[in-house]
Amino acid sequence: MRLSELGEFGLIERIRKTTPKGPGVRIGIGDDAAWLECKNRSFLITSDLLIEGIHFDLRWTSFYELGYKTLAVNVSDIAAMGGRPTYLTISMGIPVNSSTKKVEDFFRGIRALGSQTGVTLVGGDTSAARLVFVSASLIGQAPFGAITRAGAKEGDDIYVTGTLGDAALGLEILKKNQKVKKWDRAFLISRHLFPSARLKAGLILAKERLARAMIDVSDGLLQDLGQLCKASKVGAVVWSEALPLSRAYHSSMSKNGPVHALCGGEDYELLFCLRSRDRARLEKVKKRLGVRITCIGKCVPSRHGIRVITSKGKSLPVPLMGYDHFKSKFPVLTS
Ligand code: ADP
Ligand code: MG
């Protein structure tokens, strides 16, 4: 069987099934980060790979932005476990004729977010390569225990931080050189180049025992909600009119409606599930999260699958897909 038939998630499932669960592995393959225990202390670890032409395009991504984003996407995975990032290794391949300034810029980008998030670079590896690629591994702590994708139950409310679809619109503007109002363009493109990593929100949701399942939205809301629902063995109803959209999204969405918010990648917002009886407690900590949160739907029995409905109860015919590296026919720049 070819990878294009198996798909990225089918491949990961095969690797998972054939991998023995080693000692100290609390959560292994299949979540945003692994959760490991060693001498009664636990830690998180996550990796992400960014390849030129697949995940980023150097025509519109500076090395500074690439460095920032490399760390941001990893911090986002630690945030999705309710953790705090600590140590980072970076392995990179880069063409020999590149200027050293570019590499310096890359690490300036890493330091810029590293100093904001308490992350220290402690090692890595470097090689000459035909294309630029970067592989980052980030270690973190789980001071309040890790929140996995698997804890949601029927009846839970589904929340998301920030706004959805901005990064996907920003990328489209860059790729198609679309005409959009100056400030909207700047906002949407910055959401693509400088992803939010909702670290503070993730930590508070874990500390207050509010989120009982969580994932970061990297491959599109429906794709990642699908992963959470699969792990938790529930279905979900999403209310299309409740989706949090930015002002810039609203003013440039006329043609596509909420499709970028539902299926676009690289939001790096947190999607989490909450017991309905914890609503009042969530209201109390809302201001401290440092980001807007919106209830977008409810968990339902798994046999109902995932549906997107309007306020009139009509189901939207949205394809249940986000990005799959091996199945997508047209390479889309996403992580
Ligand atoms: P995320 O989007 O949160 O980074 P992915 O969809 O990339 O998550 O990966 C899902 C899970 O599969 C994660 O637990 C990840 O560590 C694991 N995984 C992905 N690729 C591999 C691989 N080549 N070998 C082992 N585990 C993998
Ligand atoms: Mg993730």
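The values are calculated or read from the model by the stated rules, or taken from the named source; none is laboratory data. As the structure is a prediction and not an experimental result, all values here were calculated from the model. A quick note on method: Cβ atoms are made from the backbone with ideal geometry, for glycine too, and the neighbour counts reach across all protein chains shown. Protein only, heavy atoms only, side chains kept; ligands, DNA and RNA dropped before computing areas. Shrake-Rupley method; radii C 1.70, N 1.55, O 1.52, S 1.80 Å.
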Worksheet, complete the sentence: To the nearest Å², the heavy-atom accessible area per residue of the chain with 1.4 Å probe amounts to 49 Å²
Worksheet entry | Dipole magnitude of the chain, debye to nearest 20 (Cβ charges: Lys/Arg +1, Asp/Glu -1, about Cα centre) | 860 debye
Item to complete: Take the Cα radius of gyration of segment 84-174 and divide it by 2.2 N^0.38 Å, with N its residue count; two decimals is plenty.
Response: 1.48
Worksheet item: So what is the relative contact order of the chain, in percent, for Cα pairs below 8 Å that sit 6 or more residues apart?
Response: 23 percent
Fill in: Cα point-scatterer Debye curve for the chain, base-10 log of I(q)/I(0) at q = 0.13 Å⁻¹
-1.01
Practice prompt. State, in angstrom, two size descriptors of segment 9-67 derived from its alpha carbons: Rg to one decimal place and Dmax to the nearest whole number.
Written response: 16.2, 47
Practice prompt. Show which lysines lie in cross-link reach of LYS17 when reach means a straight Cα distance below 17 angstrom and same-chain residues fewer than eight apart are skipped.
Written response: LYS230
Practice prompt. Please work out how much length the chain gains when fully extended from LEU121 to SER47, using 0.36 nm per residue of separation minus the C-alpha to C-alpha distance, in nm with one decimal.
Written response: 25.2 nm
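Hey, with R₀ at 25 Å, roughly what FRET efficiency would TYR87 and VAL25 work out to, going by the Cβ-Cβ distance, to 0.05?
Working: r = 19 Å, r/R0 = 0.77.
FRET efficiency, TYR87 to VAL25: 0.85.
Test of the criteria: in segment 34-108, which trypsin sites (Lys or Arg not before Pro) are in a DSSP loop and have at most 12 other Cβ atoms within 10 angstrom of their Cβ? Don't skip to the end; give the middle numbers.
Details: sites: LYS39, ARG41, ARG59, LYS69, LYS101, LYS102, ARG108; in loops: LYS39, ARG59.
Qualifying residues, ordered by number: LYS39, ARG59.
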Worksheet item: When only C-alpha pairs under 8 Å and at least 6 residues apart count, what is the relative contact order of segment 157-241, in percent?
Response: 21 percent
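Do any trypsin sites (Lys or Arg not before Pro) in segment 130-199 lie in a DSSP loop with no more than 12 other beta carbon atoms within 10 Å, and if so, which?
Here the trypsin sites (Lys or Arg not before Pro) that fit, given the DSSP loop and packing criteria, are ARG130, LYS179, LYS181.
How much length is gained if the chain between HIS304 and ARG59 is pulled fully straight, taking 0.36 nm per residue apart and subtracting their Cα-Cα distance, in nm to one decimal?
83.8 nm
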Discussion item. Quick check for me: using +1 on Lys/Arg Cβ and -1 on Asp/Glu Cβ, what's the dipole size of segment 223-312 about its Cα centre, in debye to the nearest 20?
Written reply: 500 debye
Worksheet, complete the sentence: Unit-weight point scatterers at every alpha-carbon of segment 16-113, Debye formula, q = 0.11, 0.17, 0.23 1/Å: log10 I(q)/I(0) is -0.43, -0.84, -1.19
Discussion item. Once each part is reduced to its C-alpha centroid, what is the distance from segment 254-286 to segment 8-43 in angstrom?
Written reply: 26 Å
Item to complete: Find out how many positive minus negative residues lie around LYS314, taking Lys and Arg as positive, Asp and Glu as negative, among other residues whose Cβ is under 14 Å from that of LYS314.
Response: +1
Discussion item. To check you understand DSSP bridge types, tell me what percent of the beta bridges within the chain (both residues inside) are antiparallel, rounded to 5.
Written reply: 75 percent
Practice prompt. Starting from the residue with the highest accessible area, list SER251, SER137, SER246 in decreasing order, probe 1.4 Å.
Written response: SER251, SER137, SER246
Worksheet item: Can you list residues whose amide H is under 5 Å from GLY124's amide H, if they're 5+ apart or on another chain and H is modeled 1.01 Å from N?
Response: ILE90
Discussion item. Given a 10 angstrom Cα cut-off, can you work out which residue in THR120, THR18, THR310 is the most mobile in a GNM of the chain?
Written reply: THR18
